[in-house]
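Written below as structure tokens is the structure these notes are about.
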Amino acid sequence: MDPAVRLAIDAVEKVFVRDFKWAFRRLSSSDTGIDARAEILDDGWPTGRFLPLQIRSVSSTSKRHGDHTYRGEKKHLDYWTRHALPLWVVIVDYESDLMLWQQVEKSLCVVTESEWSIVIPATNMLDASARLCFDEAITTDPELLMRTAFALDRVLMQEMQDQTTFFVWDEWGDTTAIFCNLRIYVGGGQKEEPDVRIDYHLRAHSLHEVMIKLFPWATYAYAEPISEYSGEIAVHILKVELRPQAYAYLQAESFLEGGYPKEEEPSAPETDDVITEEEEREFWRRRRMCRRPNNPTD
């Protein structure tokens, strides 16, 4: 990842975690243009409501009358609109020490063959006061929320398919349990370093509530008994698999991205009275013989 983008993501994460008190998850590099997702929490409780984010570092040269004009790749816009993902662009301008945001809506975009652009108002500052703008813009419809979860976790689902995968959670003892420090190990047991680490800090009545809200595409079972250390922290080790619906989703996405099927046209079945080529040749051979004049010497 570009170091400038990494620093920009660091800066944005601080706002969502420190000021909004929401969860923030960096996403593995993919071809979707989504760098991270913020997860709206209700006083620390998971809601299953996600904000996909594209985060970029920009210079003041992109300004236009105090606003910023942001330009992106058209293939990313095509992906977002195809999945109806409600996406936000966040730009970090280190020269002016500003972070600005804008929700990507097609009506606000100027689209060419290779790129798209959008004007980000200078008034859309990413600070504590912006929390309500994001909160009000995210749907609460369960079907749309699950569609978003599937689209955002597609890369992780692809890595996990047909692989033994473990999710390891820490649980802090409290009047209400706090589940945190998720480590994901893909492909054969716990390694020294997890493939994915997410610094969650979630309140919930049970771990099942968290798994259903954040990973609706997965099923799980306990791989080991719940263990405790330090007398305060319990460790949950889960063996996680894709649901059949997740496999179907990945197959459907691959099929649709491949374009219209390229296959030969099937032949229609023949009726019983259809004359074959061989029969037709025999018919004409006999007809020619019948038309020949009789040999007078016979």
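The values are calculated or read from the model by the stated rules, or taken from the named source; none is laboratory data. Everything numeric in this text was worked out from a predicted model, so none of it was measured. Backbone-built Cβ (ideal geometry, glycine too); neighbour counts: all protein chains shown. The accessibility values were calculated without ligands, DNA or RNA, using every heavy atom of the protein model including side chains. Shrake-Rupley method; radii C 1.70, N 1.55, O 1.52, S 1.80 Å.
The count of lysine pairs in the chain that are at least 8 places apart or cross chains, and whose C-alpha atoms lie under 22 Å apart, stands at 7. Computed 3J(HN,Hα) for the stretch 15-22, one whole-Hz value per residue from the Karplus formula 6.51 cos²θ - 1.76 cosθ + 1.60 where θ = phi - 60°, is 5, 5, 7, 6, 8, 8, 6, 10, glycine and proline marked x.
Give the calculated FRET efficiency between Lys74 and Thr140 to the nearest 0.05, with a Förster radius of 30 Å applied to their Cβ-Cβ distance.
Numbers: r = 31 Å, r/R0 = 1.02.
In this case the efficiency is close to 0.45.
Ranking Ser267, Ser28 by solvent-accessible area of protein heavy atoms (1.4 Å probe, all protein chains present), from largest to smallest, gives Ser267, Ser28. A 1.4 Å probe, protein heavy atoms only, puts the accessible area of Cys180 near 10 Å².
Express as a percent, rounded to the nearest 5, the fraction of DSSP beta bridges in the chain (both residues included) that run antiparallel. Provide the component values of the computation, followed by the final result.
On the way: 58 of 64 bridges.
DSSP beta bridges in the chain are roughly 90 percent antiparallel.
In Å², and per residue, what accessible area does the chain have when probed at 1.4 Å with the other protein chains present? All intermediate terms of the calculation are to be shown ahead of the outcome.
Numbers: 17840 Å² over 298 residues.
Roughly 60 Å² per residue, with all protein chains present.
Estimated at the nearest 10 Å², the accessible area of Met160 is 10 Å² with a 1.4 Å probe.
Sorting the Cα pairs of the stretch 200-286 by distance into bins of 5 Å, from 0 upward, gives 2, 9, 11, 11, 9, 7, 6, 5, 6, 5, 4, 4, 4, 4, 4, 3, 2, 2, 1, 0, 0 percent per bin. Farthest towards the positive end of the charge dipole of the stretch 211-293, among the residues Ile233, Ile212, Gln251, is the Cα of Gln251, using unit charges on the Cβ of Lys, Arg, Asp and Glu.
As a ratio to 2.2 N^0.38 Å, the alpha-carbon radius of gyration for the chain is 1.55. The modelled label-to-label distance between Asp162 and Glu95, using points 7 Å beyond Cα along the C-beta direction, is 5.0 nm. Helical content of the chain, expressed as a calculated mean residue ellipticity at 222 nm, amounts to -8500 deg cm²/dmol (DSSP H runs of 4 or more residues, -39,500 (n - 2.57) each, divided by residue number, nearest 500). Our summary gives the chain a relative contact order of 13 percent, counting only alpha carbon pairs under 8 angstrom and 6 or more residues apart.
Would you kindly calculate the mean projected area, averaged across all directions, of the convex hull enclosing the Cα atoms of the stretch 155-262, in square nanometres? Projected area, direction-averaged: 8.0 nm². Pair-distance distribution P(r) for the stretch 1-42, from all Cα-Cα distances in 10 Å bins starting at 0: 28, 53, 18, 1 percent.
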